[in-house]
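Trainee: Right, I'll just put the structure down here and ask away after.
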Amino acid sequence: MLRKIRIVLALIFLAGITLLFLDFTGTIHAWLGWMARIQFMPAVLALNVGVIIGLVLLTLIFGRVYCSVICPLGVMQDLLAWLGKKQKKNRYTYSPAHNWLRYAMLALFVVVLILGVGSVVALLEPYSIFGRIASNLFAPVYGWINNLFALIAERADSYAFYETDVWLRSLPTFIIAAVMLVLIAVLAWRNGRTWCNNICPVGTVLGFLSRFSWLKPVIDTDKCVSCRKCERNCKASCIDIAHHKIDYSRCVACMDCIGNCPKDAISYVHPGKAASPASVPAAAPAAKAAPKADKAGSAETVDTARRGFLTASLMTAAAVTVGAQEKKVDGGLAVIEDKEIPDRGTPLVPPGAVSLKHFAQHCTGCQLCVSVCPNGVLRPATDLMRLMQPEMSYERGYCRPECTKCSDVCPAGAIRPVGVAEKSSTQIGHAVWFKRNCIPFRDGEECGNCARHCPSGAIQMVPLKGHRRHRGGLEDGNDGKNLMAPAVNTERCIGCGACEYVCPARPFSAIYVVGHEVHRTI
């Protein structure tokens, strides 16, 4: 029963957190956003004392249930290990703990965390690893399936679904997510919880605490017949049945040993209530009971899970091939040239990030804010020191003053919650005009898109003095009608990027936003 309860809760958490990264509408966060906030490392970085104390108490009472129920990467490993178990049952065996590796990885994690090397932190933090896998690998498939339903609904004159853009936000981050998925999947398929008990810093910390947990799986040597089923089904390889010992620092309280024991010799109790292992010899009863254990394990049920998994995989693969074709022409005639990202010098981070330093120290690169950004503004950085941490760019949209979704969902405190009024008065950067690219100066045509779309009224059109219009561009002179050029009031500009996004100049906008290291209120 305990094992079934654990599995149900784990699947609920896995499904809920996955939906947080797949839901491009942002509506699910109102109901399930708390699942991201109770993740261990984001709670530590956000200094969420209540959650930290709750998780510590949970571990001290029940053991490492966080790793087997709440952590999405841990639950995903259990699912992969379960699929591997279908190929070969009773395949695990006890192995000693590699404490030197565990604590070396923990020490490395703490050092890079203090130094603010966000790229290394993001590579080791379990919630962020799962987030990048979900947002870079699962979300595109989800988007394509949604667009397929939107196409079908459109043919039926229904608007129950609407089309969404599916695009590659960062090739390096995509590659890292794919490599991590393959690596963790192979380890889980072959050896169960290898990643959790040797690499994961959160698992090492909680493993140390779980040594002192109140409730633990305890082996009753009076009932144990040394059939080794518990040991051979332990994904953490922490049960040494030869000595009737369990390494509680690696035990994730999955209850598989309890569910597989044919003699009910393992109980989830306080060790003080267990029978003394030296009181009664267990060798003689074991010899008599062994044949019964074999008979009990002879019955097998037909499992259709593999068949269902293959069917779902084929359906998903078919849906992936049906992608929405992104428009590359204007009215079907002129080819639209894509904008290129300017060299900003100082990167842009969202309102609520306070400063580049604060953002780098708290962001784990989980990509949750990237997943919910409705305007395509946020994307993972490619700079080595900030690799996988989000930054802003305005080739596909701009940061609308009324949108606060990224600050609403950030679980690590890298983007603090901001209201609409506060966001509209927060200056994250300012616009810079690049005269040579501007349409009036380059082509001799009127424009003014940047001034018309500026939500803060920071851009005014002023005469482009000393130039007149002529065929093919402008030439020096004082006769003729003067064209208008933008002038930026840097004291009023908030850096939203509306001007950069709507600028028709290609491949680089004639006006673009440079970031501020420290945000300020205007």
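Trainee: Under the 0.36 nm per residue contour assumption, what length would be gained going from the current alpha-carbon distance of ILE61 and ASP264 to full extension?
Mentor: On the way: separation 203, 0.36 × 203 = 73.08 nm, distance 2.21 nm.
Taking ILE61 through ASP264 to full extension adds about 70.9 nm, to one decimal.
Trainee: May I ask you to compute the full-extension gain from LEU137 to LYS357, defined as 0.36 nm times their residue separation minus their alpha-carbon distance, rounded to one decimal in nm? Spell out each step's value before the answer.
Mentor: On the way: separation 220, 0.36 × 220 = 79.20 nm, distance 2.93 nm.
Taking LEU137 through LYS357 to full extension adds about 76.3 nm, to one decimal.
Trainee: Grab the other residues whose beta carbon is less than 9 angstrom from that of PRO96, score K and R as +1, D and E as -1, and report the net.
Mentor: Working: positive: none; negative: ASP240, ASP247.
Spelling it out: positives minus negatives among the neighbours equals -2.
Trainee: So what's the gap between the Cα centers of segment 391-416 and segment 342-389, to the nearest angstrom?
Mentor: Using only Cα atoms to place each centre, the spacing works out to 9 Å.
Trainee: So, for segment 139-200, what is the accessible surface per residue at a probe of 1.4 Å, expressed in square angstrom?
Mentor: On the way: 3580 Å² over 62 residues.
Accessible area per residue: 58 Å².
Trainee: At a threshold of 8 angstrom on Cα-Cα distance, excluding pairs fewer than six apart, so keeping six or more, what relative contact order does segment 71-142 reach in percent? It would help to have the intermediate numbers written out before the result.
Mentor: Working: 21 pairs, mean separation 30.7, N = 72.
Computed value for segment 71-142: 43 percent relative contact order.
Trainee: Once both labels are modelled 7 Å past Cα along the beta-carbon direction, what's the TRP189-ALA156 spacing in nm?
Mentor: 3.7
Trainee: Sort segment 80-167 into rounded, prolate or oblate with this rule: let a ≥ b ≥ c be the square roots of the eigenvalues of the Cα gyration tensor; rounded if a/c is under 1.5, and if a/c is not under 1.5, prolate when a/b is larger than b/c, oblate otherwise. List each step's numbers first, then the result.
Mentor: On the way: a/c = 6.57, a/b = 1.71, b/c = 3.85.
It is oblate, given that a/c is not under 1.5 and a/b is not larger than b/c.
The values are calculated or read from the model by the stated rules, or taken from the named source; none is laboratory data. Since this is a predicted model, take the numbers as computed values, not measurements. No Cβ is skipped: glycine too gets one built from the backbone with ideal geometry, and neighbour counts run over all protein chains shown. Accessible surface areas use protein heavy atoms only, side chains included; no ligands, DNA or RNA. Shrake-Rupley method; radii C 1.70, N 1.55, O 1.52, S 1.80 Å.
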